[in-house]
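Student: First the structure, then my questions, so here it is.
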Amino acid sequence: MPPSSSKNSKTSLKTQSINKKVVLFFPSPLPYERNWHGVPLALLAISRILDKEKYNIKIYARHLQKNYLSEILNNSHDSVCLGISAMTGFQIKDGLKLAKAFKKKYPHIPIVWGGWHPSILPNQTVKSRYVDIVVRGPGDVTFPALVEALRLKKDLKNIKGITYKIGHKVITNPDREPVDLGLLPPLPYHLVNIEKCLQNTEYGKRTIPYISSYGCPHRCAFCVEEIVNKRRWKPVPAKIVLKEWQNLIKKYKADSVAVYDSNFFVNEQRVTDICQGMINKKMKLNWGNANGRAGQLSRYKDDTWKLMQKTGCAMILTGAESGSQSALDFISKDMNVDELIKFTQKCKQYNIKILYSFLVGLPWSKNPKENDKFVAQEYEATLSLIDKLLLISDRNRYTYYIFLPYPGAPLFIRAVKLGLNYPKSLESWSNYLMSPENAFKETLKQKWISPRDARLTAMLTQYIFGIMDRDTYDMLYPRIKSSLGKISFKIGFSVALALVKLRWRYKYFDLPLDYWFFSIIHRYGGIL
């Protein structure tokens, strides 16, 4: 090899070994005053391969660094790219705040957006001047491949799963094949300060979020899984889940995990294998928040339920959606109301708490009177169902949401046909779904639910059901530090509980002075 060639080769190798910094930002999912402080799982997922390949990954979030904005702007001159993950709503607003400042200071460093919203509307997203490339769907493999191509200044045409622009031309590469999570490195929790992300939950004081699968095979008409994961369910094998949970116990002293899967319980055998493995390894770790379908879980074997109970399954999240069978059929839930009752009986039998999620205000008709009639039927059926469920157990939690069409879902398409006036740019999506108040304001424009019913929904979730859950007191009381505060809380909670029980017994939700007072404490009290 000629001397000049050897020198060029060494220079090339040296160039490839440097400039391996990647800056990632996780925008706040909630308005700033609500102080979200979880683990940015999406950013850990796209970092696992890069971390193994010795990239210098810097993850920023509002709760991780006090001066995150200035730190990013002052320390990104040598980064390959800036990555931002966002769901529809406030994360877009917070993400754009950084992207605008970053683009101004570093106009030649690519800004890559990923997450649910960019995956659902990639073409619209990439048209923003503050977006250069969109990663569609799970970015565990796509993002590292993209970063390597950007670092080596390679053409992006061979990177599957991205949408990007050259000038004003938008280019959409083919989709990437489903990710085999069993072949990927574990989530690199060490990239963030876990002490700032730990959660104090009803089932643990040191709860760490975890994802054990991607996707969901079902077809609920309000969901966008069909776009993001093509209704394919891809799990982490049980033996790897067990290994990673053991690491969370050993390295971070976790006493519990919050499972953030779209559907943890798709495969009963995998659930059994995880539980039996926990027993064999004598793992002391509660697990909760796991999402599952009531119909499927009601058909689980008793042996599986016993294993779940024995291994510390503390809470299951289920999309109950409605007590009205016609509403369940309308949203393609593929479930009947009786299955919810059977599921509740099972959880009561095995001492597992349920977090139910209900919807109201579906885009039934253009006619406001028909919608009012349908909503009234929904309320009557759902509140009647909850009465039955309360007779089975008084320690479950009920959440009630006003339906707001999520872009790309089948019900969004129906809503558009019924006159939904939806945002037309990335920037305008930043206020969509930003808060319950915005949600029902947007929905009210379509006349699918009355102002009174919209406020009732918030009152039920935030106040009525929250106070009626007998675990609420035990969870909130320890957070109060002063003796006077503890006494005041005891008295206040007792009064609120008495009022709530009366309201629920007679189904009287007008003149909500007590709810307004509760809302003030909720906003400014610092304990709820």
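Student: Among the numbered criteria (1) assigned to a strand (DSSP E or B); (2) under 22 Å from the mean Cα position of the chain (by Cα); (3) free of Cβ contacts under 8 Å to residues at least 40 places away in the same chain, which single criterion is violated by E195?
Tutor: The failed condition is (1).
Student: OK, next. For region 274-283, indicate whether the set of residues that are part of a helix (DSSP H, G or I) and of a type in the set (K, R) is non-empty. If you could, list the steps in order and put the result at the bottom.
Tutor: Of all residues in region 274-283, those part of a helix (DSSP H, G or I) come to 274-280.
When the remaining residues are screened for being of a type in the set (K, R), the result is none.
No: region 274-283 contains no residue that is part of a helix (DSSP H, G or I) and of a type in the set (K, R).
Student: Now for a different question. Could you give every pair whose Cβ atoms fall below 8 Å, whose first residue belongs to region 127-147 and is more than 18 Å from S213 (Cβ to Cβ), and whose second residue is of a type in the set (F, W, Y) and surrounded by 24 or more Cβ atoms within 10 Å (Cβ to Cβ), counting only separations of at least 6 or pairs across chains?
Tutor: V131/W113; I133/W113; V134/W113; V135/W113; V135/F143
Student: Kindly evaluate K373 against the criterion of being on the phi < 0 side of the Ramachandran plot, at pLDDT below 95 and either surrounded by fewer than 20 Cβ atoms within 10 Å (Cβ to Cβ) or not in a helix (DSSP H, G or I) (or both). Walk me through how you get there before you give the answer.
Tutor: Working: on the phi < 0 side of the Ramachandran plot: yes; at pLDDT below 95: yes; either surrounded by fewer than 20 Cβ atoms within 10 Å (Cβ to Cβ) or not in a helix (DSSP H, G or I) (or both): yes.
The answer is yes for K373.
Student: Tell me, which residue of region 187-203 that is crowded, with 16+ Cβ neighbours inside 10 Å and out of contact with any Ser or Thr (no Cβ under 8 Å at 6 or more places or on another chain) is farthest from H63 (Cα to Cα)? Steps first, please.
Tutor: Within region 187-203, the subset crowded, with 16+ Cβ neighbours inside 10 Å is 187-189, 191-192, 194, 197-199, 201-203.
Adding the requirement that they be out of contact with any Ser or Thr (no Cβ under 8 Å at 6 or more places or on another chain) leaves 187, 189, 192, 194, 197, 202.
Details: L187: 20, Y189: 15, V192: 11, I194: 11, C197: 8, E202: 22 Å.
Looking at residues that are crowded, with 16+ Cβ neighbours inside 10 Å and out of contact with any Ser or Thr (no Cβ under 8 Å at 6 or more places or on another chain), I get E202.
Student: Regarding T304, is this residue surrounded by fewer than 21 Cβ atoms within 10 Å (Cβ to Cβ) and in contact with a Ser or Thr (Cβ under 6 Å, 6 or more places away or on another chain)?
Tutor: Numbers: surrounded by fewer than 21 Cβ atoms within 10 Å (Cβ to Cβ): yes; in contact with a Ser or Thr (Cβ under 6 Å, 6 or more places away or on another chain): yes.
Yes; evaluated as a whole, the condition is true for this residue.
Student: Hey, can you tell me all the residues within region 63-90 that are farther than 29 Å from G408 by Cα and either among the hydrophobic types (A, V, I, L, M, F, W, C) or within 20 Å of the chain's Cα centre (by Cα) (or both)? Break it down stepwise before answering.
Tutor: So in region 63-90, the residues farther than 29 Å from G408 by Cα come out as 63-80.
H63, L64, L69, I72, L73, V80, listed by residue number.
Student: Let me ask you something else. If we scan region 394-415, do we find a residue that is under 27 Å from L340 (Cβ atoms), in contact with a strand residue (DSSP E or B) (Cβ under 6 Å, 6 or more places away or on another chain), surrounded by 17 or more Cβ atoms within 10 Å (Cβ to Cβ) and modelled with pLDDT under 85?
Tutor: Scanning region 394-415, I find no residue that is under 27 Å from L340 (Cβ atoms), in contact with a strand residue (DSSP E or B) (Cβ under 6 Å, 6 or more places away or on another chain), surrounded by 17 or more Cβ atoms within 10 Å (Cβ to Cβ) and modelled with pLDDT under 85, so the answer is no.
Student: So in region 118-131, with the set limited to residues that are assigned to a loop (DSSP other than H, G, I, E, B) and of a type outside the set (F, W, Y), which one is farthest from R176 (Cα to Cα)? Give the steps one after another, and end with the answer.
Tutor: The initial filter retains those residues of region 118-131 that are assigned to a loop (DSSP other than H, G, I, E, B), namely 121, 127-131.
Next cut, of a type outside the set (F, W, Y) only: 121, 127-129, 131.
Numbers: L121: 16, K127: 22, S128: 23, R129: 25, V131: 20 Å.
Filtering first and then ranking leaves R129.
Student: Given A294, A258, which one is crowded, with 18+ Cβ neighbours inside 10 Å, under 21 Å from A45 (Cβ atoms) and of a type outside the set (D, E)?
Tutor: Numbers: A294 fails: under 21 Å from A45 (Cβ atoms).
Every option except A258 fails the conditions.
Student: When the residues of region 468-506 are narrowed to those that are of a type in the set (S, T, Y) and either under 33 Å from the mean Cα position of the chain (by Cα) or assigned to a helix (DSSP H, G or I) (or both), which ends up surrounded by the most Cβ atoms within 10 Å (Cβ to Cβ)? It would help to see each step written out before you state the result.
Tutor: Our first condition is that a residue be of a type in the set (S, T, Y); within region 468-506, this holds for 472-473, 477, 482-483, 488, 494, 506.
With either under 33 Å from the mean Cα position of the chain (by Cα) or assigned to a helix (DSSP H, G or I) (or both) added as a condition, the list becomes 472-473, 477, 483, 488, 494, 506.
Details: T472: 19, Y473: 14, Y477: 14, S483: 8, S488: 12, S494: 11, Y506: 8.
For region 468-506, the residue satisfying everything is T472.
Student: Could you give every pair whose Cβ atoms fall below 9 Å, whose first residue belongs to region 87-109 and is closer than 21 Å to I166 by Cα and in contact (Cβ under 8 Å) with a residue 12 or more places away in the chain, and whose second residue is in a helix (DSSP H, G or I) and not aromatic (F, W, Y), counting only separations of at least 6 or pairs across chains?
Tutor: Partner pairs satisfying both residue conditions: L96/E427; L96/S430; F102/I72; F102/L73; K105/L73; Y106/L73; I109/K103.
Student: Which residue out of L340, L359 is surrounded by 16 or more Cβ atoms within 10 Å (Cβ to Cβ) and not in a helix (DSSP H, G or I)?
Tutor: Details: L340 fails: not in a helix (DSSP H, G or I).
The match here is L359.
Student: Right, here's the next one. What about V257, is it in a loop (DSSP other than H, G, I, E, B), among the β-branched types (V, I, T) and at pLDDT 95 or above?
Tutor: Values: in a loop (DSSP other than H, G, I, E, B): no; among the β-branched types (V, I, T): yes; at pLDDT 95 or above: yes.
Taking the combined requirement at face value, the residue does not satisfy it.
Student: Let me ask you something else. Taking the conditions exactly as written (touching a residue at least 60 places away in the same chain (Cβ under 8 Å) and either surrounded by 14 or more Cβ atoms within 10 Å (Cβ to Cβ) or at positive phi (or both)), does N351 satisfy them or not?
Tutor: Working: touching a residue at least 60 places away in the same chain (Cβ under 8 Å): no; either surrounded by 14 or more Cβ atoms within 10 Å (Cβ to Cβ) or at positive phi (or both): yes.
When the stated conditions are applied, N351 does not pass them.
Student: Would you point out the residue of region 37-75, among those that are closer than 20 Å to G161 by Cβ and among the basic types (K, R), that is surrounded by the most Cβ atoms within 10 Å (Cβ to Cβ)?
Tutor: Result: R48.
The values are calculated or read from the model by the stated rules, or taken from the named source; none is laboratory data. Just so we're clear, the structure is a prediction, and the values are computed from it rather than from any experiment. Backbone-built Cβ (ideal geometry, glycine too); neighbour counts: all protein chains shown.
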